[in-house]
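Structure first, commentary second.
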Number of protein chains: 2
Amino acid sequence: MVPGSVYEEILREDLDISKQLNDSQLEKAVRKVLQYSVKTNKPTFRNQLYGGMDPYGLAGAWVAEAFNTSQYTFEVAPVFTLIEIKVLEHVLKLFGIPNGDGIFSPGGSISMLYALVAARFKAFPEIKRKGMRGLPELVIFTSEDSHYSILKAAHWLGFGTENVKVIKTNDSGQMKSSELETSLQQELALGRHPVMVNATAGTTVLGAIDELETMAAICEKYGVWMHVDACWGGSLMLSKKLRSKLKGIERANSISWNPHKMMGAPLQCSVFLLREKGLLHEANAAAAQYLFQQDKFYDVSYDTGDKSIQCGRKIDAFKLWMIWKARGDIGLSNLTDHVMEIAEFCIQTVARKEGFRLVSAHIQCSNVCFWYIPTFMRNQEETESWWDTMHKITPKIKEQLTLRSQAMIAYSPLRQRKNFFRLAFTFHPVLEEKHVLEILQAIEKCGEMITGSML
Amino acid sequence: MVPGSVYEEILREDLDISKQLNDSQLEKAVRKVLQYSVKTNKPTFRNQLYGGMDPYGLAGAWVAEAFNTSQYTFEVAPVFTLIEIKVLEHVLKLFGIPNGDGIFSPGGSISMLYALVAARFKAFPEIKRKGMRGLPELVIFTSEDSHYSILKAAHWLGFGTENVKVIKTNDSGQMKSSELETSLQQELALGRHPVMVNATAGTTVLGAIDELETMAAICEKYGVWMHVDACWGGSLMLSKKLRSKLKGIERANSISWNPHKMMGAPLQCSVFLLREKGLLHEANAAAAQYLFQQDKFYDVSYDTGDKSIQCGRKIDAFKLWMIWKARGDIGLSNLTDHVMEIAEFCIQTVARKEGFRLVSAHIQCSNVCFWYIPTFMRNQEETESWWDTMHKITPKIKEQLTLRSQAMIAYSPLRQRKNFFRLAFTFHPVLEEKHVLEILQAIEKCGEMITGSML
C-alpha cells in the first residue's frame, strides 16, 4: 500500500467517471482497481472483525443482488420475506428468546439506534409524537470498552453524549457490574431516568464478554432495559460447547448480532432482536398509504417493512439463509469451535514465544492482543519513556507488514495500555495452526527490522 | 402470487434452515426460491420506484461483494475510498454544489436522518453533548405529499412527529410555498425554532417537484436549513435538457438522491450531499481510537468513515462508478431523456384512451397516475358511492394483474382521491412504446373482468 495521493496519481484516469468507456476499456479499469485493492479474503487479513467470507454467503449475496428487490412488502419479496421470518425465528430460538421479534439492519451501529429507540419508546411511548423535550432526563449506561456507536446514537437520538454513563472495566475488559449498580443508584438519586444498559458480548479490542447474568439481575432489579451488543461475540451462540459464555443473554430485552463479523457472512448482515413482539412495529410504524395499503388482496401481516426505520431495505437475510442451509447447525457449531481453538493456539503460542507479550491472558472471544518487543527493547526497565517507544513501535511494525504485503493486522491503544496488536479470528478462511505461526513470524521479522532511528 | 400461508406450505422444507444440505440439494432449494420470487427486472414490474437494474450496476455489485470490505478507512478500502470521493465530487458538481461534501448511505430514509442531524447540529452544536432537552422547541416543515421517512426521523431523532408541520400541496402535488411561509411565520411567532424545510423533488406518488427556487428564497429569508429530498427526481439532473426542472436545488443546504431508483443502480445506492464541507465529520465523529488511529503511517485524511453514523459500510459507490464509466455523462443524459419521453407517451395515451382517466396531466417526474374505469362503471353520476366503488376496483384490477403475472403496478389513494394506479418509469429495462401499450392493455383487460359481485 502506498499513500492516498500516490494512488490518486496511478489511478487518475481510472477513477474519473466523466468519459464513457467501452466494455474492454472498462474491464481493464476494473482489473486495475482490484489490483490495488486490499484482498480481505486472505488468511493474513486480520485488520478488522470481518475477514474472509463464507463462499455460500457470497453466492447468496450475488443471487440477492440479481433479484434486486426490497424487504418491505410481501408482494415484491414474497419468498425473501418468509426467509427473513424463518431465519429470525431460528436465530431468536438460538439466543433464547423464541417468542421475540427482529429485523435485519444495515450494520451494528444502526442496530444500536434500534435498541435505544425501542427502550425509550417502551418507557415513554409519547416520545414518538411529542419528542424528547417533555421527558425526564434520560441516561444510558455502557462500559468504557464498549463500541463507539453508542455515542453516535446518543447524539443522533437526542440524548446527548454526556448522558452516556461510562462504567469502568476490569483488566479483562468486562464492565465492573458493581460500578454499574452504583452508577444506576446515583443517577436515580439525581432524579434521572435510566433508559438502557448496554452490555457487550465481545468488545471490539479485547473481545471481553460482560457479566451478562449479573447485569441482567441488576437491570431486572431496577427495571431498566438491557441491551446486549453481541455484534462480535454473538457468533459463539452457534457452538453447543461455547454458548454458555454468553449465559444471561436470554434475559436481555434486545440483542444485536452481526453475522458479517466472526461468522463470515458478506457485509452487511446484521440482526437486531428483541424480546417483546410487536414493539418494533408499534415504535416505528408510519403506515404509509402508498406502500402499506391495508386493502391489498393478500394477508398484509406479511408486510413487515413498517417495523423498519428504512423504507427500501436489502434482502440480507438471504445470505445467512444460504450459509445456514449449506452448513447446518452442526457445521456452524464446528466452525465456531475451530475458530476458538485457533485463537487458543495463538494465545498459547504468543505466551511462550520470545519477544511477544500478551495484553490479557483471559480469552473470551477469538481476539488475541499482544505487543511484540523487538530485541533492542528487551531487558530494560519499562519506564514511561520505554512505553512511549513501544507505542511507536507497534504502528511501525504494522507499516512494514502492510508495505511488504505480508499481513494486515489491527493495532490499538486501550486505556493506559500503549499501542498493541489485535489478532481477531473469523470462520473464514478456515485457518490452521501454520497460518497463525506465519502471521506471528511475519510480525517478528518486521519487528526486528525496526531500529531506534525509524521511530 | 398466492397468499403467504400457501407459500409457507409450498416452501416449508426449503425455508427451514436447521438441516444441512449438500450442494445439489441447495441448488434445488435456491431454484425453487427464485421460481416463486418476483422478477423485478421485467418491463412489467412497475410496482415501486425501482425497476429493472442496470447490468453494469449488477456487475459492480458483484465485484464489490466479492471484495467484501468496508468503506471506513483507507487502509482496508484504498481504491474504493478514492472511488467514493471521486463519484461524490462528480455528483456534487452535477447538483451545483461543487465544494460540498457527501456520503453514501443505506437508503433515502437514512439520508433523511443525516439531513435532520446536520441541520440541527449546525444550529445547535451543543446537541451532540447535551441532547435535545436544553434546546428550544424545534419544528420541521414538509409537504403533505412528501415521503413518510421524515415522520420516522422526527420520532427517532427526538423531535416528535407533532413537530413536523405538514404544508398543503396544490393539485399537482407541489408544496404551496405561500403556506410554507405563513407556517414559518406562525411558528416563529410562537417562539419555536424552524430547524429544517424539507422540499421534495419527485414525490413518491405523483412525482411532483416542489417550487425549489421559491422555497430556497423563503429558507434564505428566514435562515432555515433547506433539504431537498430528490431521492426519486434527482436522476433528472443527469439530463442536460431536463435538469432545469430542479432549478433551485443548487441553493439547498443538503440533498438526497437515490441512484437505485430511477437510474437503475442495484439497491442500495443512496447519496447524501451537503453544501458545507466538514460539517458531516464534525457532527458525527466519535474518533474511535481502535479504528481511526491518528498515528497511522498514511495520510489519515483519507479515512472518511467517521463522517458516518455507520461503522462498517458497504462500498455502494462502486456500483455507481461502474454505471457511470460504462454510460458516460452523455449516455446517462440520453437515458433520462428517453425515460421521460416514455412517460410522456404514456400520459398522452392514457389521456386519449377510453376508460382511462388521469389523476394529474402535469408531468414532472416519470410518474403517470390514473384510474381505469371499467365499462360497467362509465356514464354514471360520480357520487361518493361511485367513488367508493372505484376505490375497490383499482386494487381488484391489481389483484388480477398480479395473479395472472401480467404486470405488477402500484396503486395508492392520495388525500381526497380514491385508489388509483401509479406507473413509474425507470432507466431499465429500456422500455419502448409497445411495452407501455402492453401494460395499459393488460390493465384494460383485467379491468373488464371485474364485476360488481367481486367487490
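The values are calculated or read from the model by the stated rules, or taken from the named source; none is laboratory data. Keep in mind that what you see is a predicted model, and the values were worked out from it rather than measured. Every residue, glycine among them, receives a Cβ derived from its backbone with ideal geometry; neighbour counts consider all protein chains shown. Remember, those area values only see protein heavy atoms, side chains included, never the ligands or the DNA or RNA. Shrake-Rupley method; radii C 1.70, N 1.55, O 1.52, S 1.80 Å.
One table, with the values for the structure above:
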| quantity | calculated |
| --- | --- |
| Counted residues, the stretch A:239-282 - those being open to solvent by 10 Å² or more (accessible area, probe 1.4 Å) and part of a helix (DSSP H, G or I) | 7 |
| Candidates A:Pro106, A:Pro125 - the one that is farther than 21 Å from A:Ile209 by Cβ and more than 7 Å from chain B (Cβ to nearest Cβ) | A:Pro125 |
| Candidates A:Thr73, A:Thr81, filtered to the one that is hydroxyl-bearing (Ser, Thr, Tyr), open to solvent by less than 10 Å² (accessible area, probe 1.4 Å), within 8 Å of chain B (Cβ to nearest Cβ) and touching a residue at least 60 places away in the same chain (Cβ under 8 Å) | A:Thr81 |
| Qualifying helices (runs of 4 or more DSSP H) (wholly inside the stretch A:61-142; at least 3 residues being among the hydroxyl-bearing types (Ser, Thr, Tyr) and more than 20 Å from the chain's Cα centre (by Cα)) | none |
| Residue list for the stretch A:294-316, filter: part of a loop (DSSP other than H, G, I, E, B) and buried (at least 20 other Cβ atoms within 10 Å of the Cβ) | A:Tyr298, A:Asp303, A:Thr304, A:Ser308, A:Ile309, A:Gln310, A:Cys311, A:Gly312, A:Arg313, A:Lys314, A:Ile315, A:Asp316 |
| Breaking point among (1) in a helix (DSSP H, G or I); (2) open to solvent by 10 Å² or more (accessible area, probe 1.4 Å); (3) assigned by TED's automatic domain parsing to the domain that holds A:Ser149, for A:Asp329 | (3) |
| Flag if B:Glu211 is open to solvent by 60 Å² or more (accessible area, probe 1.4 Å) and under 19 Å from the mean Cα position of the chain (by Cα) | yes |
| Candidates A:Lys314, A:Lys296, A:Lys277, A:Lys307, filtered to the one that is assigned by TED's automatic domain parsing to the domain that holds A:His227 and either under 20 Å from A:Tyr50 (Cβ atoms) or among the aliphatic types (A, V, I, L, M) (or both) | A:Lys314 |
| Conditions (1) on the phi < 0 side of the Ramachandran plot; (2) at pLDDT 95 or above; (3) at the interface with another protein chain (Cβ under 10 Å from one of its Cβ atoms): number failed by A:Gly160 | (1) |
| Condition met for A:Glu220 (free of Cβ contacts under 8 Å to residues at least 60 places away in the same chain, touching a helix residue (DSSP H, G or I) at 6+ places or on another chain (Cβ under 9 Å), assigned to a helix (DSSP H, G or I) and of a type in the set (Asp, Glu)) | yes |
| Residue check, A:Gln400 assigned to a loop (DSSP other than H, G, I, E, B) and either touching a helix residue (DSSP H, G or I) at 6+ places or on another chain (Cβ under 8 Å) or modelled with pLDDT under 95 (or both) | no |
| Residue in the stretch B:16-28 that is open to solvent by less than 60 Å² (accessible area, probe 1.4 Å), over 18 Å from A:Ala64 (Cα atoms) and in contact with a strand residue (DSSP E or B) (Cβ under 6 Å, 6 or more places away or on another chain) present | no |
| Condition broken by B:Gln380, with the remaining ones in (1) open to solvent by less than 60 Å² (accessible area, probe 1.4 Å); (2) outside any helix (DSSP H, G or I) satisfied | (1) |
